[in-house]
1. Tell me whether the range 106-167 comes out rounded, prolate or oblate; compute the Cα gyration tensor, take square roots of the eigenvalues as a ≥ b ≥ c, and use a/c under 1.5 as the rounded threshold.
2. Let me know the shape class of the range 1-69, please: from the alpha-carbon gyration tensor, a ≥ b ≥ c as square roots of the eigenvalues, rounded when a/c is under 1.5, otherwise prolate if a/b is greater than b/c, or oblate.
3. Rounded, prolate or oblate for the range 306-346? Axes are the square roots of the Cα gyration tensor eigenvalues, ordered a ≥ b ≥ c, and the cut-off for rounded is a/c under 1.5.
4. If each residue of separation counts as 0.36 nm, what is the full-extension length gain between Leu77 and Leu331 once their alpha-carbon separation is subtracted?
5. Subtracting the Cα-Cα distance from 0.36 nm times the residue separation, let me have the gained length for Thr375 to Leu173 in nm, one decimal.
6. Which percent of the Cα-Cα distances in the range 48-99 go past 18 Å?
7. How tilted is helix 276-296 with respect to the longest principal axis of the chain? Cα atoms for both, answer in degrees (0 to 90, nearest 10).
8. When the chain is modelled as a GNM with alpha-carbon springs shorter than 10 Å, which of Leu243, Leu120, Leu48 fluctuates the most?
Amino acid sequence: MKQNPYRLTILACYLCIFSQAIVVNLVPILFIPLKEQFGFSFEQLGVLVLINFVTQVTFDLLFSNAIDKYGFRRFILATPILTVTGFIIFALSPLLFENPYIGFVIGTIIFSGSGGLSELLVSPIINAIPSDAKASAMSLLHSFYAWGQVAVVILTTLLLLFFGKGSWQIIMLGWMILPVINFFLFLKAPLAPPVPEEKRLGMKDLILKPFFIVAVLIMLFGGASEIGISQWSSAFMEKGLELPKAVGDILGMSLFALFLGAGRALYGVYGHKCRVHNVMLVGAAAAFICYITVALCDVKIISLLACGICGIAVSLLWPGTLVVASEKYPLAGAWMFAILAAGGDIGGSLGPWLMGKVADCGPQIASFINSASFTAEQIGLKASMLVGAIFPLACFFCLIAAKKLHVK
């Protein structure tokens with residue numbers, strides 16, 4: 001059997017998106033340790049998530065044309081360098097800055113740049129590899145984001161449990177080993193060329209087409225649906241349900257990520273047997289129900305299960321949109337992936353930020369509810385999950401519109 005010449009490339013892309021999951025999900029696991037050590041508000045912590053995704057959007061939009069012009073290599077090599085640099089600055093902020101929050105912001109901007117380049121590059125790199133099963137390859141690629149999320153949640157939570165919340169700096173520095181390995185893999189990996197300029201569809205050819213606009217909206221609301229519950233489930237399980245942090249993280253966040261990866265992997269294997277639009281519609285509706293259940297159900301095990309099941313519900317909203325768009329517009333360049341990724345990142349930034357803003361309003365909401373059963377902090381976190389339910393609901397209606405437009 002002839003060996004795939006792009007085997008190393010595929011492995012490097014898997015590790016790259018695995019590392020992107022670390023960039024996105026590591027800091028939210030540290031929310032409570034950072035809050036307790038430095039006295040940050042939930043809104044300040046939410047702003048770090050906002051900065052993360054705004055930076056990714058900026059990189060998506062700034063570098064798409066350059067990637068089409070100069071190729072993938074130099075930009076994909078920059079991603080692990082940015083990750084390592086940002087992690088070092090973030091971890092050493094209490095030593096480098098009188099106000100550590102300034103260092104956290106700077107470090108977040110730098111390592112978030114690597115996340116932006118990763119999502120801008122790995123999808124078109126995989127899409128450029130000659131294959132008859134691009135949809136399966138794309139879905140399998142994005143499943144590694146979920147496996148990265150599972151790994152970072154479980155390992156980081158266990159390390160915090162065994163070594164204490166004060167060990168967060170050493171833990172962050174330890175995660176740098178993966179991007180370092182990724183750098184050397186991409187040094188040797190063969191990369192297929194991007195779509196030639198003479199054949200490439202320009203932005204003006206698609207940017208105002210109704211289907212493409214709706215696809216961007218699906219990415220926006222899908223990103224908010226996925227990242228919202230992913231980023232806030234740790235704090236919600238610990239403070240909202242009063243579960244031990246290790247239990248909340250491992251049975252909440254990691255269960256969510258496990259189902260997220262399972263959904264993407266299953267589609268990668270069996271996706272040819274079902275219509276992706278229908279699967280995404282069912283997923284958006286199920287995610288809405290899961291958000292409501294997490295917010296309103298007082299039975300802890302049911303809330304935990306709803307958080308996990310939400311992972312498989314939202315699993316195809318992001319990669320499914322990329323698959324459909326790349327099939328409909330196969331000659332679009334990296335800019336198409338950039339615009340779609342920017343839509344997902346905008347949702348992934350505004351969603352968690354809005355949920356954090358609502359969570360901080362717990363005392364005001366509690367004054368209206370006057371409940372003796374929950375603290376103001378718990379009420380705020382429950383209200384934030386209710387607000388988060390808006391995202392999959394909006395995604396559901398956008399998917400209905402996309403289904404109608406796709407057949408035209």
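The values are calculated or read from the model by the stated rules, or taken from the named source; none is laboratory data. Because the structure is a prediction, the values reported are computed rather than measured. Please note: Cβ atoms are built from the backbone with ideal geometry, for glycine as well, and neighbour counts cover all protein chains shown. With ligands, DNA and RNA removed, areas are computed over all heavy atoms of the protein, side chains included. Shrake-Rupley method; radii C 1.70, N 1.55, O 1.52, S 1.80 Å.
1. oblate
2. It comes out oblate by the Cα gyration axes.
3. Because a/c hits 1.5 or more and a/b fails to exceed b/c, the range 306-346 counts as oblate.
4. Numbers: separation 254, 0.36 × 254 = 91.44 nm, distance 2.48 nm.
Answer, rounded to one decimal: 89.0 nm.
5. So the extension gain works out to 69.2 nm.
6. 48
7. 10
8. Top of the fluctuation ranking is Leu243.
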